[in-house]
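What follows is a set of notes on a single structure, which appears directly below.
The values are calculated or read from the model by the stated rules, or taken from the named source; none is laboratory data. Small disclaimer: the values here were computed from a predicted structure and weren't measured. For neighbour counting, all protein chains shown are included, and Cβ atoms are generated from backbone atoms with ideal geometry for every residue, glycine included.
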Amino acid sequence: MSRLRAALVRRRGTPQWDAVLRGTGVVALLAIYPTTRWPDVGALAAFLCITIFVNGPLAPLLPATYEPVLMITGRAYHPLLVALIGIAGTLYIEYINYYLYRAAIMHPRLEGARQSKLVRKTVALFEKSPFFAVWLCAWSPLPYWAVRFLAPLSGYPVQPYLIATFLGRAPRLWFFAAIGLVVPVSTQVLVTITVSMVAIGIVVVLHRRPRGERKPAGGMAVERAATTSPREL
């Protein structure tokens, strides 16, 4: 018993990672009973897991994947409920993304990319109005992956980064969940689109990662950003 207690109270990694691990464990334990008693809870839990996956480090390789999921789920549940669960999963994974991307970006091998003229100009542009940039990319068609690396690269704190993400993403999630009932596209087609996009993303990852070499998804985002014009932000 003492060993179990010691294992439970011992911190795992940084305080941020320790909080993520403990929070995930608590949520998993709390979800066991309601999932077995009410099937709808299980379905919404699956939606939460999909939200975390498609918004994770592989998100730059999964464009237009989450919107069909929102529309499908919005046909079965109230759009507001879908938006609430979606934003909870989004903020959870974006918190993790912030530190994953920061660790990848600060890798010594990316020193040249960080010091390039284009990246420095892009960071300077972001620093003029970081909150607005995150908020704008969170709800608009602009690439959100850009602020995923610009925020930690510029040292922008995680708290306002998540607040701006919430203010931009929450109405976007509700919108796509709400239009699921009126869009004249069958659920089967939406499922096919989602599965196809995920499959394409996996193929791209496998193709870009030859055997013996594994590169963090955040590193791919930085390399892609190095060739992106500041106007795209």
Answer yes or no: is there a residue in region 165-180 that is under 18 Å from Ala59 (Cβ atoms), β-branched (Val, Ile, Thr) and modelled with pLDDT of 85 or more.
yes
Scan region 86-136 for residues that are in a helix (DSSP H, G or I) and more than 24 Å from Phe175 (Cβ to Cβ) and report the count.
29
Tell me yes or no: at least one residue of region 112-123 is modelled with pLDDT of 95 or more, under 22 Å from Pro57 (Cβ atoms) and of a type in the set (S, T, N, Q).
no
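For region 48-90: of the residues being aromatic (Phe, Trp, Tyr) and surrounded by fewer than 20 Cβ atoms within 10 Å (Cβ to Cβ), which is nearest to Ile193 (Cα to Cα)? Reasoning before the result, please.
At the first step, the residues of region 48-90 found to be aromatic (Phe, Trp, Tyr) are 53, 66, 77.
Of the ones still in play, those that are also surrounded by fewer than 20 Cβ atoms within 10 Å (Cβ to Cβ) are 53, 77.
Values: Phe53: 16, Tyr77: 20 Å.
Among residues in region 48-90 that are aromatic (Phe, Trp, Tyr) and surrounded by fewer than 20 Cβ atoms within 10 Å (Cβ to Cβ), the one nearest to Ile193 (Cα to Cα) is Phe53.
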Taking only pairs six or more apart or across chains, which ones have beta-carbon atoms under 7 Å, a first residue in region 108-128 that is exposed (fewer than 15 other Cβ atoms within 10 Å of the Cβ), and a second residue that is modelled with pLDDT of 90 or more?
Glu127/Ser154
Testing Leu29 on (1) assigned to a helix (DSSP H, G or I); (2) under 28 Å from Ile179 (Cβ atoms); (3) hydrophobic (A, V, I, L, M, F, W, C), one condition comes back false. Which one is that?
(2)
So in region 151-194, with the set limited to residues that are touching a helix residue (DSSP H, G or I) at 6+ places or on another chain (Cβ under 7 Å) and among the hydroxyl-bearing types (Ser, Thr, Tyr), which one is surrounded by the fewest Cβ atoms within 10 Å (Cβ to Cβ)?
Thr187
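Within region 77-85, is even one residue part of a helix (DSSP H, G or I) and without any contact (Cβ under 8 Å) to a residue 12 or more places away in the chain? So that I can check it myself, show each step before the final result.
Our first condition is that a residue be part of a helix (DSSP H, G or I); within region 77-85, this holds for 79-85.
Right, trim to without any contact (Cβ under 8 Å) to a residue 12 or more places away in the chain and you get 84.
Yes, because at least one residue in region 77-85 is part of a helix (DSSP H, G or I) and without any contact (Cβ under 8 Å) to a residue 12 or more places away in the chain.
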